[in-house]
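All of the numbers you see were taken from the coordinates with simple rules; none came from a lab. Quick caveat, the model's predicted, so the values are computed rather than measured. All Cβ positions, glycine included, derive from the backbone under ideal geometry; neighbour counts span all protein chains shown.
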Amino acid sequence: MKTSKNQLGVQIGQKIQNLRKQKGFSQEKFAEAINIATTSLSYIETGRGFMTLTTMQKICEVLEIEPVEIFQFISVKSNEEMYSYIVSKLENIKENPERLKLAYDIFKNII
C-alpha cells in the first residue's frame with residue numbers, strides 16, 4: 001500500500017497526540033517537557049510538520065515508550081471516534097434481531 005508523506009505525517013501526529021493524552025499531558029505541558037514550542041508540537045500532531053530525531057527521542061522518553069510505538073498505527077482512533085463508530089454500527093443493526101443478539105452477547109461477555 002502506498003502512503004503519501006502527508007498521510008504518514010498525519011498518522012504519526014495522531015499517534016503522538018493519542019499517546020500524549022493517554023499519559024494525561026496537555027499540549028502545553030507536553031511541549032514544555034520535550035523542550036519545543038507548543039506551535040511546533042501542534043504542527044507535529046496535525047501532520048503539518050515533522051520532528052527531529054532529538055525531538056522523537058525526547059517524546060519517547062517523556063511518554064516512556066519505544067520509538068517503534070510511534071509507527072504502530074493499529075489503534076490511532078480516539079475514544080470519541082471509537083465510541084461513535086460502535087454507536088453507528090449498533091444503529092445499523094437495531095432492526096436485525098440476529099445481529100443485535102450477537103452484538104449483545106459479545107458486549108455482555110467483554111464488559
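Springs between alpha-carbon atoms under 10 Å, Gaussian network over the chain: tell me which of Ser88, Ser40, Ser26 tops the mean-square fluctuations.
With Cα springs under 10 Å in the chain, the top fluctuation among Ser88, Ser40, Ser26 is at Ser88.
With charges only on Cβ, +1 for K and R and -1 for D and E, what is the dipole size of the chain about its Cα centre, in debye, rounded to 20?
Computed about the Cα centre, the dipole is about 220 debye.
How large is the helix-only mean residue ellipticity at 222 nm for the chain, computed as the sum of -39500 (n - 2.57) over DSSP H runs with n ≥ 4, divided by its residue count, in deg cm²/dmol to the nearest 500?
-21000 deg cm²/dmol
Where in the chain are the helices, taken as whole DSSP H runs, whose Cα atoms extend 18 angstrom or more along the long axis and whose Kyte-Doolittle mean reaches at least -0.5?
Counting only whole DSSP H runs, the qualifying helices are 79-93, 97-110.
If I take every Cα pair under 8 Å that is 6 or more residues apart in the chain, average their sequence separation and divide by the length, what percent do I get for the relative contact order?
Taking the mean separation of contacting Cα pairs over the length of the chain, I get 27 percent.
Using a 10 Å Cβ count of at most 14 others and DSSP loop calls, identify the longest part of the chain lacking such GluC sites (Glu not before Pro).
It works out to 1-63.
Pick out, in residue order, every one of the trypsin sites (Lys or Arg not before Pro) in region 72-111 that is DSSP loop and has at most 16 other C-beta atoms within 10 Å; say none if there are none.
Lys77, Lys94
Return the equivalent ellipsoid semi-axes of region 5-71 as a descending list in whole Å, where each equals the square root of 5 times an eigenvalue of the C-alpha gyration tensor.
16, 13, 11
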